[in-house]
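Right, one structure below, let's go through it.
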Amino acid sequence: MAGVYIHVPFCYTRCSYCDFYKTTDQALKSNFISAICKEISLHPSFFSSQKIETIYLGGGTPSVLTIDELKIVFSALQNHIDLKSVTEITMEVNPDDVSENYIYDLQALGVNRISMGVQSFFDAHLRKMNRRHNSRQASRAVEIVQASGISNMSIDLIYGLPFMTNDEWKENVQTAIQLDVQHVSAYHLTIEKGTVYYDYLKKGKIKEVDEENSLIQYDYLKSSLLNAGYEAYEISNFSKPSYHSKHNSAYWTGELYLGLGPSAHSFDGKVRRWNVSDMETYYKGVMNGGTYWKDEKLTSFDRYNEIIMVGLRTEKGFEKAKLEVYFDDDLKAYFNTQVEKQVAEGGLVYHQGWYFIPDDKRFVTDAIIADLFFVEDDI
Ligand code: SF4
């Protein structure tokens, strides 16, 4: 099984917290469409050797693309993949791009899962994040998708916002539950260099939320969603049974994926590759046969760390057999020591070949991962 990710780097405005690669220059869209179609054609061996199960259009904001533009991209994909046999095709949308017609046309193209960037149901929060939609538009957009034939929808929420009270967060979680969406992704705000919030932080205009309140918000999120029948299948991802994101789950279990578009990442089982985060360089590289990516061959230690890191963020954990492939005597001894310690302390549970973090230790996931992580000095 393998996945295809397409990064659509266009946004109409820049959200204050966002450090994803994007451009607000819509004039570059036609170059992007040409380059994406060409890039799709550059990977015949990937398409012929892999069964593509999932396609994910992320960004940026893929919903700034018109249906005609999307048709060109899907037609280029169809030259290599039988889209009807792809089980999950997700597209990220912004609430104010959603209309009955747009969703109907997406469905006709084969999109069967929508991921909507809601972030908050409070207009004051949305304004402070420089989101371009309001709360009413978000609720309406959810209703439009629900009334269409697309019965698999995720919404994104952000917690740990400096200006959001715990009560407001609780209201956001309750609103999401009332909307009865199949999937919720909730991310804690991280203030990254180069964002408006980073600038605010440096100037003392905002303060990061303290750990105590972060935990209160996460605990409320998790307990409320579990009570409402969602599964906490990854630290930031919750879904109704059988609505896990197949595409993202594949990242976490080390499946192969091909990333297309500027800043997109790929993994072929041995080499990790990432496209340049610049539209002009990407376009010229793809169209003129130049290099528009960097790559690195992963060492055994890289793979070991990666399996631990992504696996332990999921409910299922990691499979010991998948890790053992990368063991030499020293790494094996190191792993056994660290794992025994964590199992004795209750940080890890072993069951039928898998290690996972039990629910009552989820809030110290990062510390447990760090304890198992291999760094050169550890041996
Ligand atoms: S959060 Fe999404 S919509 Fe906002 S700037 Fe970033 S990519 Fe664009």
* Structure fact -> Once amide hydrogens are built 1.01 Å from N within the peptide plane, the residues lying 5 or more places from E231 or on another chain with amide H under 5 Å from its amide H are S239, K240
* To do: Over 27 Å between C-alpha atoms is what I'm after, so list which of K246/K270; K51/K270; K128/K170; K128/K246; K38/K270 land there.
  => K128/K246
* Asked: Per-residue HN-Hα couplings for the stretch 367-375, Karplus 6.51 cos²θ - 1.76 cosθ + 1.60 at θ = phi - 60°, whole Hz, x for Gly and Pro?
  -> 5, 5, 4, 4, 5, 8, 4, 9, 10
* Structure fact -> Counting Lys and Arg as +1 and Asp and Glu as -1 over every other residue whose Cβ sits under 12 Å from the Cβ of K332, the net charge comes to -3
* Tell me, what is the percent relative contact order of the stretch 245-379, built from C-alpha pairs under 8 Å that lie six or more residues apart? -> 18 percent
* Give the cross-link partners of K297 among the aspartates and glutamates, using a straight C-alpha distance below 14 Å as the criterion and excluding same-chain residues fewer than 8 apart. => D268, E306
* Structure fact -> Whole-number value, in Å³ per residue, for the convex hull of the alpha carbons of the stretch 339-379 is 76 Å³
* Asked: About its Cα centre, what dipole magnitude does the stretch 301-378 give when the only charges are +1 on Lys and Arg Cβ and -1 on Asp and Glu Cβ, stated in debye to the nearest 20?
  -> 400 debye
* Tabulate in residue order the Karplus-calculated ³J(HN,Hα) for the stretch 81-97, using 6.51 cos²θ - 1.76 cosθ + 1.60 with θ = phi - 60°, rounded to whole Hz; enter x for Gly and Pro. => 10, 7, 4, 5, 8, 7, 7, 9, 10, 9, 10, 7, 10, 9, x, 7, 8
* Pairs of Cα atoms under 8 Å, at least six residues apart: use those to get the relative contact order of the stretch 301-378, whole percent. => 39 percent
* Using θ = phi - 60° and the Karplus relation 6.51 cos²θ - 1.76 cosθ + 1.60, list the HN-Hα couplings for the stretch 53-58 in order, rounded to whole Hz, with x at every Gly or Pro. => 9, 9, 10, 9, 9, x
* **GNM flexibility winner over the chain from I89, I206, I114 (Cα, springs under 10 Å)** => I206
* If you build a Gaussian network model of the chain, linking Cα atoms that sit under 10 Å apart, which residue out of Q107, Q352, Q174 swings the most? -> Q352
* For the chain, modelled as a GNM with alpha-carbon contacts under 10 angstrom, which of G353, G60, G285 fluctuates the most? -> G353
* Asked: On average over all directions, what projected area in square nanometres does the chain have, based on the convex hull of its Cα atoms?
  -> 19.4 nm²
* To do: Can you tell me how much longer the chain between V310 and A108 gets when fully stretched, taken as 0.36 nm per residue apart minus their C-alpha distance, in nm with one decimal?
  => 69.3 nm
* Structure fact -> Carbon and sulfur atoms account, in whole percent of the 1.4 Å probe accessible area of the chain, for 49 percent
* For the chain, what is the charge dipole size about the Cα centre, in debye to the nearest 20, if Lys and Arg each add +1 at the Cβ and Asp and Glu each add -1 at the Cβ? -> 980 debye
* Percentage relative contact order, the chain, counting C-alpha pairs under 8 Å, at least six apart -> 16 percent
* With the Cα gyration tensor of the stretch 315-360 in hand, give its eigenvalues times 5 under a square root as the equivalent ellipsoid semi-axes, listed largest first in whole angstrom. => 19, 13, 6
* Considering every pair of different Cα atoms, what Kirkwood radius, in Å, is found for the stretch 301-378? -> 12.3 Å
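The values are calculated or read from the model by the stated rules, or taken from the named source; none is laboratory data. A quick note: this is a predicted structure, and the numbers were derived from the prediction, not measured. Positions of Cβ are generated from backbone atoms using ideal geometry, with glycine treated the same way; all protein chains shown enter the neighbour counts. What goes into the accessible areas is simple: the full protein's heavy atoms, side chains included, and nothing from ligands, DNA or RNA. Shrake-Rupley method; radii C 1.70, N 1.55, O 1.52, S 1.80 Å.
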